[in-house]
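*Asks:* The structure's right below; bear with me while I get my questions together.
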Amino acid sequence: MCDQTFLVNVFGSCDKCFKQRALRPVFKKSQQLNYCSICAEIMATDGLRENETLASLKIEAESLKGKLEEERAKLHDVELHQVAERVEALGQFVMKTRRTLKGHGNKVLCMDWCKDKRRIVSSSQDGKVIVWDSFTTNKEHAVTMPCTWVMACAYAPSGCAIACGGLDNKCSVYPLTFDKNENMAAKKKSVAMHTNYLSACSFTNSDMQILTASGDGTCALWDVESGQLLQSFHGHAADVLCLDLAPSETGNTFVSGGCDKKAMVWDMRSGQCVQAFETHESDINSVRYYPSGDAFASGSDDATCRLYDLRADREVAIYSKESIIFGASSVDFSLSGRLLFAGYNDYTINVWDVLKGSRVSILFGHENRVSTLRVSPDGTAFCSGSWDHTLRVRNMFFILTLCVRGKKSVDWPSLKRYRGYRGDCRAGVMQMAQAMPTNNLSRARVVALVAFAGTLLERPLPGIYLDRG
């Protein structure tokens, strides 16, 4: 995303010719060296055979890449939307803004949910990181960073710490306590140090390790306690803008995307890239794993979102429309994986049917570009952050229409007794006809019917949204 790209020229002594010049990082056997452009080109030509040039090697690499694409195309026998033709279409649903979080003085750049499904951490261009209670909209903690453009923030799995960073090139970890008056800055721990801005960070399955992505073109795995670099990941040819950890118990892989239009899957143990996808036509701003971990989605400045199947090793779906001309800044899946939420630079959030490839809803409300969005851990809500300085929390349920024989609708007051997640939204799954022999439903039968409706979504309903009044 060009608005978040900051190029920094580092001047100093070249590690090869020792002259004072503009330097660029070069990695040789995982060791970082600072070479000037002349020495970097000389190093690149070392080991060339007779009559070999960099141009000829580039041509050979492109031909090999073309052959790989041809082999992938041979296995491409059917489109995803063709397989999903017999799948029942999604019913009508409404997603209303339930909470608006105001407090940042500038663009909201990143946010993350706590595992308790209630608290949210957000970072902004104003240099502040705020921890919110999404139920009450209260601010529980606020940290002022030493720089503006805090582009990355993340909640620790335990909920006892947050990590953040940006133009300071660092990833800092702050422990959270119950004492709101305590000086959090005094307990700050600088964990990661890159040679360019920090664009993304994410804790692994524990509080002890953290992944970072940077504008220096690398990703890295760090030990939180000691600040030691455990593994570095080199392969992107430009700024890395996003990353996401695989949703597995072992968590040994993650995906990253960047300004080189590539999405790369990495093995955290070896530091090697195990899969790479290069079908976007512009910067990849966001990547997110499918809930099962077998696929991932990406959002790009080319105004498309794409779905990649890791088992098939190829792109399987493109989510786009001719009317969409602005870039996608952030993507995330619903808990079941049927919906893909994508925030765009035209101030809207588009909701896509993952299987059928069609757009099922457009969400309005923000007054500037949507920079970040995340679905809550239990799937009952999602939060979006925008350049309009606010975050908005929306509910995530289809409208549930319970019908009976004779086409009489269910008495809504009987449903309104159930006060679930924040108790102010309508339950929703899909339309069901002739569900009960009478519209005089008992409390137990309503619960049973809603539970059955939840199974149609391939998951139970952890909380029921109901309308007030």
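*Asks:* Give the range 349-380 a look and list any residue that's at negative phi, open to solvent by 10 Å² or more (accessible area, probe 1.4 Å), of a type outside the set (A, V, I, L, M) and not in a strand (DSSP E or B), or say none.
*Replies:* Within the range 349-380, K356, S358, F364, H366, E367, N368, R369, P377, D378 meet the criteria.
For every residue, the table says whether it meets (1) under 28 Å from G105 (Cα atoms); (2) among the β-branched types (V, I, T); (3) open to solvent by 40 Å² or more (accessible area, probe 1.4 Å).
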residue: K139; (1), (2), (3): yes, no, yes
residue: T144; (1), (2), (3): yes, yes, yes
residue: W149; (1), (2), (3): yes, no, no
residue: S199; (1), (2), (3): yes, no, no
residue: G227; (1), (2), (3): no, no, no
residue: H236; (1), (2), (3): no, no, no
residue: D239; (1), (2), (3): yes, no, no
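*Asks:* Is it the case that V78 is β-branched (V, I, T), out of contact with any His (no Cβ under 8 Å at 6 or more places or on another chain) and either at pLDDT 95 or above or surrounded by 21 or more Cβ atoms within 10 Å (Cβ to Cβ) (or both)?
*Replies:* No.
*Asks:* A further question follows. I'm trying to understand the selection: among the residues of the range 212-236, which are among the hydroxyl-bearing types (S, T, Y) and farther than 16 Å from N169 by Cα?
*Replies:* S226
*Asks:* Something else about it: Can you pull out every residue in the range 116-133 that is in contact with a strand residue (DSSP E or B) (Cβ under 7 Å, 6 or more places away or on another chain) and either aromatic (F, W, Y) or touching a residue at least 60 places away in the same chain (Cβ under 8 Å) (or both)?
*Replies:* Matches in the range 116-133: I120, S122, S124, W132.
*Asks:* Pull out all pairs, ordered by first then second residue, where Cβ-Cβ is under 8 Å, the residues are six or more apart or on different chains, the first lies in the range 190-206 and is free of Cβ contacts under 8 Å to residues at least 40 places away in the same chain, and the second is hydroxyl-bearing (S, T, Y).
*Replies:* S190/S172; V191/S172; A192/T212; H194/T212; H194/S214; H194/T218
*Asks:* Moving on. Can you tell me which residue among R311, R306 is under 24 Å from E71 (Cβ atoms), of a type in the set (K, R) and open to solvent by 50 Å² or more (accessible area, probe 1.4 Å)?
*Replies:* Matching residue, one of R311, R306: R311.
*Asks:* Go through the range 275-294 and give me each residue that's of a type in the set (A, V, I, L, M) and open to solvent by less than 10 Å² (accessible area, probe 1.4 Å).
*Replies:* Residues of the range 275-294 that are of a type in the set (A, V, I, L, M), as a first pass: 276, 284, 287.
Scanning the range 275-294 gives I284, V287.
*Asks:* Something else now. Among the residues of the range 347-356, are any over 14 Å from the mean Cα position of the chain (by Cα) and closer than 12 Å to T304 by Cα?
*Replies:* The answer is yes; a qualifying residue exists.
*Asks:* Tally the residues that are in contact with a helix residue (DSSP H, G or I) (Cβ under 7 Å, 6 or more places away or on another chain) and modelled with pLDDT under 80, restricting the search to the range 28-67.
*Replies:* Summing the residues that are in contact with a helix residue (DSSP H, G or I) (Cβ under 7 Å, 6 or more places away or on another chain) and modelled with pLDDT under 80 in the range 28-67 gives 3.
*Asks:* Of the residues in the range 242-274, how many are of a type in the set (D, E), crowded, with 17+ Cβ neighbours inside 10 Å and in a loop (DSSP other than H, G, I, E, B)?
*Replies:* Final tally of qualifying residues: 1.
*Asks:* Can you pull out the residues in the range 81-105 that are open to solvent by 50 Å² or more (accessible area, probe 1.4 Å), under 24 Å from G343 (Cα atoms) and assigned to a loop (DSSP other than H, G, I, E, B)?
*Replies:* Result: A89, Q92, V94, K96, G105.
*Asks:* Being assigned to a strand (DSSP E or B) and modelled with pLDDT under 75 is the filter; apply it to the range 1-21 and report the residue that is nearest to C110 (Cα to Cα). Break it down stepwise before answering.
*Replies:* So the first thing to find is which residues in the range 1-21 are assigned to a strand (DSSP E or B), and the list is 10-13, 20-21.
Going one step further and asking which of them are modelled with pLDDT under 75, we end up with 10-11.
Numbers: V10: 27, F11: 31 Å.
Ranking the candidates gives V10 first.
*Asks:* I've got another one for you. Are any of the residues in the range 295-303 in contact with a helix residue (DSSP H, G or I) (Cβ under 8 Å, 6 or more places away or on another chain) and either within 27 Å of R392 (Cα to Cα) or at pLDDT 90 or above (or both)?
*Replies:* Yes.
The values are calculated or read from the model by the stated rules, or taken from the named source; none is laboratory data. Not measured: the values here are computed from a predicted model. So basically every Cβ, Gly included, is an ideal-geometry build from the backbone, and we count neighbours across all protein chains shown. Areas reflect the complete protein model, heavy atoms only, side chains present, ligands, DNA and RNA absent. Shrake-Rupley method; radii C 1.70, N 1.55, O 1.52, S 1.80 Å.
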